[in-house]
Structure formats: C-alpha cells, structure tokens
Amino acid sequence: MNPPSAPGPAFLNGIDVSHFQQAVDWTAVARAGIQFCFIKATEGASHVDARFASNWRAAAEAGLVRGAYHFFHPAISVTAQADLFLRTVPRLEPGDLPPVLDLEAPEAWQSVPVLQRAQLILNWLRAVEDHSRLTPMLYLSPAFMTDVLHNASALEQYPVWLAQYTTDLAPDVPKPWTKWTFWQHTRQGSMPGVLSHVDLNRFNGTLDELKALGRASVPATSETSPA
C-alpha cells in the first residue's frame, strides 16, 4: 500500500465487541487511540446481544464512530433476520457506520445450493438498505468468499470487512473486490478497558472518510430513536 500523502497513520484503529467482552470501559478504549467500533446487535431471527444497547450508547458518548452488525444464519428466514436487526438498532445518526452482515460458519451453508447463497445475502442487504438508506457492508474471510460464495460478483457493490489473521501489512482481497475497507487482523488483541481478548481492526482511510461512510446517505430529516 502506498504511504499516506499527509503526516499521520495509514490506517485507523478499531475494535469489535459483543457480550463476550462483558462490560467495556469505552472511555479507556478511546484514550487508547481506538477511533471506531463495531458492536454485535443481533443473530438469527430472535437473539439480541445482551450488551448491545449499553455498548451502543457508551461508545458514542466516548466519541467513537460506531457500527452495528448482524450474525447471519442461512437456514433461518431472511425477512425475520432483517426485521430483528432493524427493530433492534436505533435509527442511525449521520456519521454512524453502515450496517454489517456477518458471514461465518461455512458448515451452516452446506445445505444451501451454491447458486442460491448470494441471493440470500442480497435479500438481507437490500431489506436493510431500503430501511437505513445506507449501503450495508459484508464481514467475511477471504476463504469464505472463495470457498462458500464462489466469489459471487453480485456482492461487489457492497464494501467488505475482511477477517484474516496474518503478519502481512494487508489482507488478501478476494474477487470480485479490488480493495478492502475494514480489516480484522487479530482476535487476540489486548485493550485498556476490555477485560478479555478483543478483535482488533483497521480502516483503510482517514477519519473524515470513515465518518463519510454513514454521513452522505442518512436522510437529513431523520431522528434518532432511543437505544
């Protein structure tokens, strides 16, 4: 990757959390130099993460740019999964990160015909996009994209957050993408304010570019709902 054109880091640092991290001291996290976070909101059609609401509020109060993600189950109704996410996550404020669809567990996809897999994902993405007025993102590993989704070209329009644990300076970018937006580079990170190991991430851009991911598409008349 080319060096930044102006003084400063090439990447911004972030974390992602769920109830597994227990109570997070978000003020301490911010003081440690973390500028953004992804917070687990929902899973499947009925599970709401027990710490989502408190994490969502406290991360914003500490000054972090925040985003919410949904852990997807291919065998469960896509409509029910999208509805749960949209009911759980407050209306996004300008500057919040776009919604994320978390794609993992390759074994869960074995019963889904290959040609139907991308369509299930697209159905969730489009339902959430229609409601949030933001282009959602995908979280997955390069291997998942290649082995499970067979590099489906229909997903290219959605930014990608890659999970790959390597000592390299950047992750492998699977087709059809040519660049990464976020990179989860370890799941064994240590962080002030977090009691357990935590996933560490990087954003491929500046702070203004990070905030712009969610700013431009949010309707000017939107109001924030309580968490």
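Is at least one residue of the stretch 85-99 surrounded by fewer than 22 Cβ atoms within 10 Å (Cβ to Cβ), farther than 23 Å from PHE182 by Cα and not basic (Lys, Arg)?
Yes; the residues of the stretch 85-99 include at least one that is surrounded by fewer than 22 Cβ atoms within 10 Å (Cβ to Cβ), farther than 23 Å from PHE182 by Cα and not basic (Lys, Arg).
Return only the number of the condition from (1) more than 25 Å from ASP49 (Cα to Cα); (2) at pLDDT below 95 that ASN204 does not satisfy.
Condition (2) is where ASN204 drops out.
So, in the stretch 191-210, how many residues would count as being part of a helix (DSSP H, G or I) and buried (at least 16 other Cβ atoms within 10 Å of the Cβ)?
Count: 1.
Just one of VAL100, VAL114 is touching a residue at least 24 places away in the same chain (Cβ under 8 Å), more than 27 Å from THR186 (Cα to Cα) and out of contact with any helix residue (DSSP H, G or I) (no Cβ under 9 Å at 6 or more places or on another chain); which is it?
Result of the check over VAL100, VAL114: VAL114.
Filter the stretch 68-97 for residues that are closer than 17 Å to TRP161 by Cβ and without any contact (Cβ under 8 Å) to a residue 40 or more places away in the chain and give the result.
Listed by number, the residues that qualify are ALA68, PHE71.
Those residues that are of a type in the set (Gly, Ala, Ser), under 17 Å from HIS185 (Cα atoms) and assigned to a helix (DSSP H, G or I), I need them from the stretch 123-145; list them, please.
ALA143
Taking the stretch 3-22, which residues are at pLDDT 95 or above and of a type in the set (A, V, I, L, M)?
LEU12, ILE15, VAL17, listed by residue number.
Can you tell me which residues in the stretch 92-107 are more than 18 Å from ASP208 (Cβ to Cβ) and among the small types (Gly, Ala, Ser)?
Of everything in the stretch 92-107, just one residue is more than 18 Å from ASP208 (Cβ to Cβ) and among the small types (Gly, Ala, Ser), namely ALA105.
Residues being aromatic (Phe, Trp, Tyr) and closer than 22 Å to SER111 by Cβ: count how many of those fall in the stretch 47-96.
Residues flagged as aromatic (Phe, Trp, Tyr) and closer than 22 Å to SER111 by Cβ within the stretch 47-96 amount to 2.
Which residues, counting only those in the stretch 147-189, are hydrophobic (A, V, I, L, M, F, W, C), assigned to a loop (DSSP other than H, G, I, E, B) and without any contact (Cβ under 8 Å) to a residue 60 or more places away in the chain?
Residues satisfying the conditions are VAL148, LEU149, ALA152, VAL173, TRP177, TRP180.
Go through (1) surrounded by 15 or more Cβ atoms within 10 Å (Cβ to Cβ); (2) under 21 Å from ALA82 (Cβ atoms) for SER111 and report which single condition fails.
Result: SER111 fails condition (1) only.
May I ask you to list the residues in the stretch 158-177 that are modelled with pLDDT under 95 and either in contact with a His (Cβ under 7 Å, 6 or more places away or on another chain) or loosely packed, with under 14 Cβ neighbours inside 10 Å (or both)?
Correct list: THR166, THR167, ASP168, LEU169.
The values are calculated or read from the model by the stated rules, or taken from the named source; none is laboratory data. All figures in this text were calculated on a predicted structure; none of them were measured in a lab. We place every Cβ from the backbone using ideal geometry, glycine too, and count neighbours over all the protein chains shown.
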